[in-house]
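The numbers here are math on the coordinates, done by the rules we state, and not lab data. It should be emphasised that the depicted structure is a prediction, and the values quoted were computed from it without experimental measurement. All Cβ positions, glycine included, derive from the backbone under ideal geometry; neighbour counts span all protein chains shown.
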Amino acid sequence: MSVLRRIARRVQGEPAVGPAADGDPLDAAQERRVRAVLALGGVPQADLLDGVQQVRLRLLERAAKGYEAPRDVSAWAAVVASNLAMDWHRAKRRQERLGERLAGLRQHAHPSGEDTSVLSLAVAQGLDGLPDAQRQVVVLRFFADLPVSSIARELGVPEGTVKSRLHTAVRALRARLHEDEVV
């Protein structure tokens, strides 16, 4: 019985049988290989465990969806680990670009001193109070400086939805700032 079938049985509540009865889709050698691929791909030591868990999760998801087990689980896991390493670097670059853009925004003429701190804190608290979808479009529009059309394309929603979310979020932020007597 394949590893994925045993896992699928376990997910469905049936008892697992065979050598991987513990439910772990990766044996020790496969886990070492995944760690090595991630490390060679430039993923920091602190993130290796998360990468291994992601590979395990993808194997479990395959089993839960009823897909056939890969012919060579070890090779499949190595490819998934390699893809995860690339994804890690892409996310890191996005974070760096966002940090650079935010730093650039801070360098523009803003009120100085305590006023800036109070305003920044109030805006951050206001953003925290928004629903996720509204907060996401506000950050993408005003902090990442993306046009509405790009936001809509990236999120897979109509432009009208982005505009509506922006309008509602800005109105809520404005009310919050007036309520807190910040502006």
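Tabulated data
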item: Net length gained if the chain between R71 and Q125 were fully extended (0.36 nm per residue, minus Cα distance); result: 14.4 nm
item: Bins of 10 Å from zero: percent of alpha-carbon pairs in the range 52-95; result: 27, 47, 22, 5
item: Nitroxide proxy distance, nm - points 7 Å out along Cα→Cβ at T161 and L102; result: 2.6 nm
item: Pair L48, R93: separation of 7 Å Cα→Cβ label points (nm); result: 2.5 nm
